[in-house]
Amino acid sequence: MPIIFDMVGGIISDATVARLPVYLRSLADLPAAQETCSSDQLAGIAGVNSAQVRKDLSHLGSHGTRGVGYNVAELKAQLRKALGLNKGYSVVLIGAGNLGTALANYGGFHDWGFEVAAVLDSDRKKVGRAVGPLKVEELSALESAVRSRGISIGVIATPTEAAQDVADRLTRAGIRSILNFAPAVLQVPEGVEVRRVDLSTELQILTYHISSKADASS
């Protein structure tokens, strides 16, 4: 998790940082004409309690106005600044299979300040194929793509057995932020941030809750 500092230079906790994108997404779900938002309304959309919302947002110097709430436009700007979304980031996507292709074709990244600048794969049968606005390039082009296109984030969408090798290549190329969709625990050097998205684990958590509710009602 990246380190984010509050208005007085203190480090915001990982748990709070993880909620900031949720608040930003929740604000985006409000009607376009809505100018203010109460902590209760934001909490209801984000799925937390209002006291937690007020505490989290206070780290950004945003306390709202009693009886009015938060100015939506100003709060969006504060959240985007805190998350670094006002800078824009280029992303390299490794793996042009079904998942990688779906990610490359997703148009929502641009709205949040991310641009998929390259899609790479080691399978020569996929090289040259159009994926979204890009063409799949050989994995051997990774280092030059990172340097020439100012890429700072790597996304791994490869089979499990290839994920560690790809992570190694990304870190050697200078990437210090990795989003990993492969069901593998990656070993990376100190100073490299890895976020793991394991769809199978999330589904198993859901089935646990389904099973628990069924047991409770039987």
> Pairs under 7 Å by beta carbon, first residue without any contact (Cβ under 8 Å) to a residue 60 or more places away in the chain in the stretch 66-95, partner in a loop (DSSP other than H, G, I, E, B) and among the acidic types (D, E), six or more apart or different chains?
Replying inline: N71/E35; V72/E35
> Any residue at all in the stretch 63-75 that is under 21 Å from S13 (Cβ atoms) and of a type in the set (S, T, N, Q)?
Replying inline: no
> Can you tell me which residue in the stretch 195-218 is farthest from the chain's Cα centre (by Cα), limited to those that are exposed (fewer than 10 other Cβ atoms within 10 Å of the Cβ) and of a type in the set (G, A, S)?
Replying inline: S218
>> Between V185, V166, V192, V155, which is surrounded by fewer than 16 Cβ atoms within 10 Å (Cβ to Cβ) and not basic (K, R)?
In response: V185
>> Out of I156, I178, I need the residue that is closer than 17 Å to S90 by Cα and in contact with a Phe, Trp or Tyr (Cβ under 7 Å, 6 or more places away or on another chain). Which one?
In response: I156
> In the stretch 143-178, which residues are within 18 Å of D198 (Cβ to Cβ) and in a loop (DSSP other than H, G, I, E, B)?
Replying inline: A157, T158, P159
> If you check S148 against the conditions, is it free of Cβ contacts under 8 Å to residues at least 12 places away in the same chain and under 17 Å from I94 (Cβ atoms)?
Replying inline: yes
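Every read-out reported here was derived from the displayed coordinates using simple, explicitly stated rules and does not represent laboratory data. None of these values were measured; they are calculated from a predicted model. Glycine also receives a Cβ, built like all others from the backbone with ideal geometry; neighbour counts cover every protein chain displayed.
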